[in-house]
Amino acid sequence: MDDREQGYDLSTGQGLIACPRCDALHVEEEMDPGETARCIRCASVLAKPRDGAFAQLIALSFTSMVLLVGAVFFPFLEVSTMGFGNASSLFDVALAFAEGVLLPLVLAVLAMIIGLPIARAFLLVYTLAPLAQGRAPYRHAARAFRWSEIMRPWSMAEIFVIGTAVALVKVAGLATVQLGPAFWAFCALIFVNLASRAFMCQTSIWDAIEDAGLRTEFDDASRPEAGG
Amino acid sequence: MSVLDPDHAGPVPTAHRAGLIGCHSCGRVWPAEHQRCNRCGAHLKPPDRRGLQAVWAWWLAGLIAYIPANVFPMMRTQTFAGLAGNSEATIIGGVIELIHHGSYDIAIIVFVASIIVPVGKFIAIAWLATVAGRPATIEQAHMRLKVYEVVEFIGRWSMIDVFVVAILSALVQLGFVASIHPGPAAVSFAVSVAFTMLSAQSFDARLIWRGLPLRSKSD
């Protein structure tokens, strides 16, 4: 096709990008850091590369891992009334519910506030660490990044903090409550997540993975007619 | 990124009209017969109304789970080993109790997160799935996309009430004085929120634009 010299190919889709929100086609172009590309039809953000974004994302992922480990083992809230006291870390909570019918609920809650955020941080580091140094990505980097994107709506640390605030008000009449270090770790996590979102540009990461040579990872499974 | 058709003469070129298929996960474009995105490994789904079946299935599952979530108690509070009373609170009951305590702001948060957001989400997803793929003007399409983005963003916040119950029942285990146990509604509410999140995720926003008349953005 004669479009080839313009950098895209309408028969194979090479060099094109379709807006995930509205399917409008765009020609892929090199962008300068700091620019933001928006869809011509629905104005969704298509790409917003930032200078040094990969290194920042790796640093923020490590930060959230540290905070999350602290959040698991340090006391979360301390409650006391009439001489009866109870200081509990999330780890204690998990142990307390280790048997019983509500185990699935507790496991789901712990997964949403601890498990998935840690897994996401780990997957991001796994994907980005080689890319930030300009080396070839590790095996299954594409899969790792896709899973981290799938997990994103399900990691709910910031919602948990608001939930804690509501719980504090509810329990205030019943007992005295003190906030533990784990609570502040969760609050810090909100800001780490916000910063991470500002640097996150999925399109740039996908492009980096592709350019660094992961082009053929899914080739064999996907093309029924291709012989090799 | 630049526009494929810079002079805006024709209709907005889409991957579908060009006989291609766009990856909903990473945006890469492939020939239409591709089943799987070679770059990110996501399954490629053409933007057609068949995908709405999954939306409706999760929607119905979420609606069914939402009924017991409102009928059964979210948590049981036991004070002085039951001597001072056992109280069971449903979602609405919890809100009313908060109002009696005078904490109106928290009552509003809980009411919005557990009643208004889920109900609004059911209505919004049903509406989006009904009108998806029907002809629309550009303004209507933008409005629908906005509604979809709000639904997608706000869905997770309904989990607040589940977290509240989890925190309270873990924390308030003060033996004789007071103890709080989660009720069956906590589980069904969490399940309902998860199902509606899946319903919103399986909705293909590209369908909103499928029914647009073939004309350019500049009209």
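The condition (being charged (D, E, K, R) and not in a loop (DSSP other than H, G, I, E, B)) is satisfied by just one residue among A:R135, A:R139, A:R152: A:R152.
The criterion of being open to solvent by less than 10 Å² (accessible area, probe 1.4 Å) and of a type outside the set (A, V, I, L, M) does not hold for B:S87. Among the residues of the stretch B:104-122, is there at least one that is of a type outside the set (D, E, K, R), over 26 Å from the mean Cα position of the chain (by Cα) and under 30 Å from A:I40 (Cα atoms)? No: zero hits. Of B:R39, B:R49, all but one fail to be out of contact with any His (no Cβ under 7 Å at 6 or more places or on another chain) and within 14 Å of another protein chain (Cβ to nearest Cβ); the exception is B:R39. Within the stretch A:134-154, the set of residues being open to solvent by 20 Å² or more (accessible area, probe 1.4 Å) and either within 11 Å of chain B (Cβ to nearest Cβ) or within 30 Å of A:S80 (Cα to Cα) (or both) comprises A:H140, A:R143, A:R146, A:W147, A:E149, A:I150, A:R152, A:P153, A:W154.
Just one of A:V66, A:V45, A:V27 is at pLDDT 85 or above, within 7 Å of chain B (Cβ to nearest Cβ) and surrounded by fewer than 19 Cβ atoms within 10 Å (Cβ to Cβ); which is it? Exactly one residue qualifies, and that residue is A:V27. The residue of the stretch B:142-152 that is nearest to B:V110 (Cα to Cα), among those that are open to solvent by 30 Å² or more (accessible area, probe 1.4 Å) and facing another protein chain (nearest Cβ under 9 Å), is B:E152.
A quick yes/no check of all residues on (1) within 8 Å of chain A (Cβ to nearest Cβ); (2) in contact with a strand residue (DSSP E or B) (Cβ under 9 Å, 6 or more places away or on another chain); (3) farther than 22 Å from B:I109 by Cα:
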| site | (1), (2), (3) |
| --- | --- |
| B:A178 | yes, yes, yes |
| B:G183 | no, yes, no |
| B:A190 | yes, no, no |
| B:M197 | yes, no, no |
| B:Q201 | yes, no, yes |
| B:L207 | no, no, yes |
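Condition (residue is assigned to a helix (DSSP H, G or I), buried (at least 18 other Cβ atoms within 10 Å of the Cβ) and without any contact (Cβ under 8 Å) to a residue 24 or more places away in the chain) applied to the stretch B:118-141: is it met by at least one residue? Among the residues of the stretch B:118-141, not one is assigned to a helix (DSSP H, G or I), buried (at least 18 other Cβ atoms within 10 Å of the Cβ) and without any contact (Cβ under 8 Å) to a residue 24 or more places away in the chain, which makes the answer no.
Counting the residues of the stretch A:175-228 that are open to solvent by 80 Å² or more (accessible area, probe 1.4 Å) and either more than 30 Å from A:L57 (Cβ to Cβ) or at pLDDT 80 or above (or both) gives 13.
Scanning the stretch A:155-169 for residues that are in a helix (DSSP H, G or I), closer than 13 Å to A:L110 by Cα and open to solvent by 10 Å² or more (accessible area, probe 1.4 Å) yields a total of 0.
Against the conditions (1) open to solvent by less than 30 Å² (accessible area, probe 1.4 Å); (2) under 25 Å from B:D161 (Cβ atoms), A:A172 satisfies every one except (1).
The values are calculated or read from the model by the stated rules, or taken from the named source; none is laboratory data. Everything numeric here is computed off the predicted structure, so don't read it as measured data. With ideal geometry, Cβ positions are generated from the backbone for all residues, glycine too; neighbour counts draw on all protein chains shown. Surface accessibility is based on the protein's heavy atoms, side chains included, excluding ligands, DNA and RNA. Shrake-Rupley method; radii C 1.70, N 1.55, O 1.52, S 1.80 Å.
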